[in-house]
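The structure under discussion appears below in the form of structure tokens.
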Amino acid sequence: MVLSVDMDETGVSAASAPGKVILLGEHAVVFGRPAIALAIDLRLRCSIRRSEELTLNGQPMDERAGPYISTVLREHCRGIPVAVNIASELPSGSGLGSSAAVTVAALGAISASRGNIDPEEVARRAFDVESVVQGRASPIDTSIASHGGGIFISSQREENLLWEISRDTRQWFIHDCAVPEMTLVIGFTGNKAPTGPLVAKVRRYADRSGFAREIIDEIGQLTLDGLGRMRTGDIEGLGRLMSKDHNLLTILGVSTPALQKLVDAAMPYSYGAKLTGAGGGGSMIALTDRPEKVAEAIKGRGGMPFIVRTGVEGVRTEE
Ligand code: MEV
């Protein structure tokens, strides 16, 4: 996949991709355990046009400021200078998939410059980019940003397979997963947390502790249980599993006092609440039928609430 060399200086190619929440299974998924992710209605839009020099939002491109976009351009634009513009509703470093969304939207814009966007192709290329920039990762964030809706990822092939992705000895099967009617409220702590160091931290713990490996297995089991509850629409049961997952992630060392504060604030009005994504800061989610109450409670404890719609469209062409 490369930028169309026919694209002229006036032609603009644009695409957008959604952010995501991980409902169950983050971190354990890096070790091949199952996980469930949902696309959310906070999007990131990326446009690309030929230019005299390489710029990002009107400024000379700085690899350190935009490592994901720089890597996409290096690997897919064959040195053609382009002006890139990014507009995002997703706070960066919030655990809501902004890095995957920028990577997927940029690859989407490049694909669109040649015709259609193929979400599978974009998901594969985006995972390559994420692995280069972030180090060890699973394809969950890049696959949900490409496919949208809901995905269930596992080391075994099941029904509704979308695609399969392998890296070293690990193999993930990515499946489409129906999203039941449910309301989620996100609480962003305001603390940015890059994913790579948190994944490395959990890996170090798992490498030296059988107990940590048991916790990872337990998260995998609980995620399978959660998938069943999503299928039967057992929202209360799903909420209980989310809270249990949060406790297990806390034992793995990726929660923070700020995340715990927001989870505690949401719980009186929720079926369940947990950190979402890598942790170490970032965001939590609450499953509730009282979203305004939860949003107010999160705000009251210094968090930034978002009442979101889930299961939205994946990567798409924009005008
Ligand atoms: C981050 O959104 C999810 C993690 O499981 C990392 C990954 O899967 O690459 C923490």
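The values are calculated or read from the model by the stated rules, or taken from the named source; none is laboratory data. Note that this is a predicted model, so its numbers are computed, not measured. Heads up, the Cβs are rebuilt from the backbone with ideal geometry, glycines too, and the neighbour counts pull from every protein chain shown. Keep in mind that these areas ignore ligands, DNA and RNA; they rest on the heavy atoms of the full protein, side chains included. Shrake-Rupley method; radii C 1.70, N 1.55, O 1.52, S 1.80 Å.
Quick one: is SER166 surrounded by fewer than 21 Cβ atoms within 10 Å (Cβ to Cβ), within 12 Å of the ligand (Cβ to nearest atom) and polar (S, T, N, Q)? If you could, list the steps in order and put the result at the bottom.
Working: surrounded by fewer than 21 Cβ atoms within 10 Å (Cβ to Cβ): yes; within 12 Å of the ligand (Cβ to nearest atom): no; polar (S, T, N, Q): yes.
The answer is no for SER166.
Could you list, in sequence order, all residues of segment 93-146 that are hydroxyl-bearing (Ser, Thr, Tyr) and within 13 Å of the ligand (Cβ to nearest atom)? Before you say what the answer is, go through the steps one by one.
Residues of segment 93-146 hydroxyl-bearing (Ser, Thr, Tyr): 94, 98-99, 103, 111, 113, 131, 138, 142-143, 146.
Answer for segment 93-146, where residues must be hydroxyl-bearing (Ser, Thr, Tyr) and within 13 Å of the ligand (Cβ to nearest atom): SER94, SER98, SER99, THR103, SER131, SER138, THR142, SER143.
Could you list, ordered by first residue, the pairs with Cβ atoms under 7 Å in which the first is in segment 129-150 and open to solvent by 10 Å² or more (accessible area, probe 1.4 Å) and the second is within 9 Å of the ligand (Cβ to nearest atom) and hydroxyl-bearing (Ser, Thr, Tyr), at least 6 apart or interchain?
Hits for this filter: GLN134/THR195.
How many residues, within segment 141-171, are touching an Asp or Glu at 6+ places or on another chain (Cβ under 8 Å) and closer than 21 Å to ILE40 by Cβ?
11
Here is a check on your reading of the model: is ILE36 among the β-branched types (Val, Ile, Thr), at negative phi and touching a residue at least 60 places away in the same chain (Cβ under 8 Å)? Please lay out each step first, then the result.
Details: among the β-branched types (Val, Ile, Thr): yes; at negative phi: yes; touching a residue at least 60 places away in the same chain (Cβ under 8 Å): yes.
Yes; evaluated as a whole, the condition is true for this residue.
Could you tell me which numbered condition LEU96 fails, if it satisfies all but one of (1) outside any loop (DSSP other than H, G, I, E, B); (2) open to solvent by less than 10 Å² (accessible area, probe 1.4 Å); (3) aliphatic (A, V, I, L, M)?
Going through the list (1) outside any loop (DSSP other than H, G, I, E, B); (2) open to solvent by less than 10 Å² (accessible area, probe 1.4 Å); (3) aliphatic (A, V, I, L, M), LEU96 breaks only (1).
Only one of THR169, THR189 is at pLDDT 95 or above and of a type in the set (Val, Ile, Thr); which? Outline the logic, then answer.
Numbers: THR169 fails: at pLDDT 95 or above.
The match here is THR189.
When you check VAL315 against the structure, is it more than 24 Å from ALA106 (Cα to Cα) and buried (at least 18 other Cβ atoms within 10 Å of the Cβ), yes or no? So that I can check it myself, show each step before the final result.
Working: more than 24 Å from ALA106 (Cα to Cα): no; buried (at least 18 other Cβ atoms within 10 Å of the Cβ): yes.
No; evaluated as a whole, the condition is false for this residue.
Looking only at residues in segment 256-277 that are open to solvent by 10 Å² or more (accessible area, probe 1.4 Å) and in contact with a strand residue (DSSP E or B) (Cβ under 7 Å, 6 or more places away or on another chain), which one is farthest from the ligand (Cβ to nearest atom)?
Result: TYR269.
Would you say VAL294 is open to solvent by less than 10 Å² (accessible area, probe 1.4 Å) and over 22 Å from the mean Cα position of the chain (by Cα)?
Details: open to solvent by less than 10 Å² (accessible area, probe 1.4 Å): yes; over 22 Å from the mean Cα position of the chain (by Cα): yes.
Yes, satisfied.
Please specify each residue of segment 210-223 satisfying the condition of being open to solvent by 20 Å² or more (accessible area, probe 1.4 Å) and of a type outside the set (Asp, Glu). Please lay out each step first, then the result.
First, pick out the residues of segment 210-223 that are open to solvent by 20 Å² or more (accessible area, probe 1.4 Å): 210-211, 213-214, 217-218, 221.
Result: GLY210, PHE211, ARG213, GLN221.
I need every pair where a residue in segment 230-245 that is in contact (Cβ under 8 Å) with a residue 40 or more places away in the chain and under 12 Å from THR288 (Cα atoms) has its Cβ under 6 Å from the Cβ of a residue that is open to solvent by 40 Å² or more (accessible area, probe 1.4 Å) and not small (Gly, Ala, Ser), sequence separation at least 6 or different chains.
ILE235/TYR271; LEU238/ARG229; GLY239/TYR271
When both residues are 6+ apart or on different chains and their Cβ atoms are under 6 Å apart, which pairs have a first residue that lies in segment 290-303 and is of a type in the set (D, E, K, R), and a second that is in a helix (DSSP H, G or I)?
ARG290/TYR269; LYS293/TYR269; ARG301/LYS261; ARG301/LEU262; ARG301/ALA265
Which residue out of GLY233, GLY226, GLY253 is outside the structural domain of ALA37 (by TED's automatic domain parsing) and open to solvent by less than 10 Å² (accessible area, probe 1.4 Å)?
Numbers: GLY233 fails: open to solvent by less than 10 Å² (accessible area, probe 1.4 Å); GLY253 fails: open to solvent by less than 10 Å² (accessible area, probe 1.4 Å).
Answer to the selection: GLY226.
Quick one: in segment 9-28, of everything that is in contact (Cβ under 8 Å) with a residue 40 or more places away in the chain and farther than 19 Å from LEU184 by Cβ, which residue is farthest from the ligand (Cβ to nearest atom)?
In the first step, residues of segment 9-28 are kept if they are in contact (Cβ under 8 Å) with a residue 40 or more places away in the chain; the result is 9, 11, 13-28.
Of the ones still in play, those that are also farther than 19 Å from LEU184 by Cβ are 9, 11, 13-16, 27-28.
On the way: GLU9: 37, GLY11: 34, SER13: 27, ALA14: 25, ALA15: 21, SER16: 19, HIS27: 5, ALA28: 8 Å.
Only one residue tops the list, namely GLU9.
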